[in-house]
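Participant: So that we are looking at the same thing, I have put the structure below in structure tokens.
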Amino acid sequence: MQFLHRLDGLRGEAQWVETTPEDLARATFLDGRETFWSSSRIGNVEPGESKDAPRARLIFHVGFCGSTLLTRMIERWPGVLALREPQALTDLASQQAQLAAGQGTASLARLLSYALTPLGAVGGARDTIIKPSNWVNGLIPVLAEHGLAKQALCMTMERRAYLRAIFRGGRDRIAFALRHVQLLGASDAVLADQLRAAIALDGDALNQAARAAALLHRAQEDLFAQLAPRKAWLCFETLVDDPQAALRLAAERLELAGDADVGGLPAQDAKDPTRPFSHGDRAGEDAAVEAHHGQRFDAALAWLAGLG
């Protein structure tokens with residue numbers, strides 16, 4: 001089968017790869033970190049006019065909040081295929097400012113529809129779930145305006161827990177968060193001003209990172225509010241404490257048929273199923289991060305609250 005892997009809306013080119021549903025399901029991420037295809041070709045992008053929005057079941061998330069774990073659990077449903085972070089959508093998110101300025105070969109909305117149509121139909125008769133990278137969250141206003149995310153679940157976590165997750169990931173995760181909030185700020189002048197203020201407040205790099213991460217969390221939740229009210233979001237804490245309730249909510253939001261009673265939390269690492277995973281060990285890691293950075297988190301959250 002042909003799978004849309006990369007999409008350049010500025011040049012009007014797409015990379016299609018030959019793969020199988022089984023290889024797509026095995027891949028932890030479809031962003032190129034893993035080779036899940038046997039051959040590829042480059043073709044022209046020709047988004048046609050369509051009155052019907054593509055049927056795409058989407059899981060949006062703030063990042064580092066258990067969304068990959070959720071997809072592993074949803075895949076226990078018979079006939080469900082989860083696509084984790086397909087690169088084509090991430091490509092469009094990276095090109096958003098230029099596409100919005102009319103520098104692409106088609107409008108951003110038409111390019112998104114072009115991408116979501118084949119991605120949402122990958123499973124054929126199966127229900128296909130698409131979990132984009134959280135890098136894609138900046139596209140939510142366009143998706144919402146054009147009715148391209150009618151079956152969507154938004155996943156978040158407590159803000160302080162989010163700060164712990166960012167800092168637990170070390171330098172690479174902190175750098176990713178900084179790049180992400182800068183990307184969102186490119187399409188949001190208010191957020192860009194707030195980010196400048198977060199950096200200018202003092203010269204401590206980790207203090208700056210904590211404030212930027214808190215700002216990023218709030219910015220992503222503000223985007224989620226354009227798709228669904230907060231009561232319809234799934235929190236990481238619910239997924240861990242009450243997996244069945246989390247799966248019932250996922251089934252409702254994504255319009256999945258069948259029984260949501262598919263067991264509890266897996267004992268394997270969601271990103272590497274060959275490794276065991278212990279939530280107790282993760283709690284210990286979080287406690288260590290909290291002990292080292294707790295005062296920094298206090299200050300960052302107080303600063304964010306002061307923005308109003």
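The values are calculated or read from the model by the stated rules, or taken from the named source; none is laboratory data. Since we're looking at a predicted model, the values are computed, not measured. Here Cβ is always computed from backbone atoms with ideal geometry, including for glycine, and neighbour counts include all displayed protein chains. Remember, those area values only see protein heavy atoms, side chains included, never the ligands or the DNA or RNA. Shrake-Rupley method; radii C 1.70, N 1.55, O 1.52, S 1.80 Å.
Participant: For segment 254-285: of the residues being under 17 Å from LEU83 (Cα atoms) and either modelled with pLDDT of 85 or more or assigned to a helix (DSSP H, G or I) (or both), which is most open to solvent (accessible area, probe 1.4 Å)? Spell out the reasoning first.
Facilitator: Here is the first cut: in segment 254-285, the residues under 17 Å from LEU83 (Cα atoms) are 254-256, 270-273.
Those left that are additionally either modelled with pLDDT of 85 or more or assigned to a helix (DSSP H, G or I) (or both): 254-256, 270-271.
Values: LEU254: 0, GLU255: 91, LEU256: 18, ALA270: 19, LYS271: 109 Å².
Only one residue fits best here, namely LYS271.
Participant: I would also like to ask the following. Taking the stated definitions as given, is GLY102 without any contact (Cβ under 8 Å) to a residue 40 or more places away in the chain and surrounded by fewer than 23 Cβ atoms within 10 Å (Cβ to Cβ)? If you could, list the steps in order and put the result at the bottom.
Facilitator: Details: without any contact (Cβ under 8 Å) to a residue 40 or more places away in the chain: yes; surrounded by fewer than 23 Cβ atoms within 10 Å (Cβ to Cβ): yes.
Judged against the criteria, GLY102 is a match.
Participant: I would also like to ask the following. For segment 145-202, what are the residues that are closer than 22 Å to ALA287 by Cα, without any contact (Cβ under 8 Å) to a residue 12 or more places away in the chain and among the charged types (D, E, K, R)?
Facilitator: Hits for segment 145-202 are ARG171, ASP172.
Conditions (1) in contact with a Leu (Cβ under 9 Å, 6 or more places away or on another chain); (2) in contact (Cβ under 8 Å) with a residue 60 or more places away in the chain; (3) over 16 Å from ARG253 (Cβ atoms), marked per residue:
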{"residue": "CYS65", "(1), (2), (3)": "yes, yes, no"}
{"residue": "ALA82", "(1), (2), (3)": "yes, no, no"}
{"residue": "GLN95", "(1), (2), (3)": "yes, yes, yes"}
{"residue": "LEU112", "(1), (2), (3)": "yes, no, yes"}
{"residue": "ARG126", "(1), (2), (3)": "yes, yes, yes"}
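Participant: Going residue by residue through segment 30-44, is there one that turns out to be under 23 Å from ALA219 (Cβ atoms), modelled with pLDDT of 95 or more, crowded, with 18+ Cβ neighbours inside 10 Å and not hydroxyl-bearing (Ser, Thr, Tyr)? Walk me through how you get there before you give the answer.
Facilitator: Going residue by residue through segment 30-44, those that are under 23 Å from ALA219 (Cβ atoms) are 31.
From what's left, modelled with pLDDT of 95 or more: 31.
Add one more test, that the residue is crowded, with 18+ Cβ neighbours inside 10 Å, and what stays is 31.
Restricting the remaining residues to those that are not hydroxyl-bearing (Ser, Thr, Tyr) gives 31.
Yes; the residues of segment 30-44 include at least one that is under 23 Å from ALA219 (Cβ atoms), modelled with pLDDT of 95 or more, crowded, with 18+ Cβ neighbours inside 10 Å and not hydroxyl-bearing (Ser, Thr, Tyr).
Participant: Then there's this: Here is a list of conditions, (1) surrounded by 13 or more Cβ atoms within 10 Å (Cβ to Cβ); (2) of a type in the set (Lys, Arg); (3) at pLDDT 95 or above; (4) more than 21 Å from GLY138 (Cβ to Cβ), and LYS231 meets all of them except one; can you say which number that is?
Facilitator: The one condition LYS231 does not meet is (1).
Participant: Does ALA228 count as over 21 Å from ALA305 (Cα atoms), in a helix (DSSP H, G or I), in contact with a strand residue (DSSP E or B) (Cβ under 9 Å, 6 or more places away or on another chain) and touching a residue at least 12 places away in the same chain (Cβ under 8 Å)?
Facilitator: Working: over 21 Å from ALA305 (Cα atoms): yes; in a helix (DSSP H, G or I): no; in contact with a strand residue (DSSP E or B) (Cβ under 9 Å, 6 or more places away or on another chain): yes; touching a residue at least 12 places away in the same chain (Cβ under 8 Å): yes.
Taking the combined requirement at face value, the residue does not satisfy it.
Participant: Pick from segment 17-29 the residues that are open to solvent by less than 40 Å² (accessible area, probe 1.4 Å) and of a type outside the set (A, V, I, L, M): which of them is nearest to TRP135 (Cα to Cα)?
Facilitator: Among those residues, the one meeting the criterion is PHE29.
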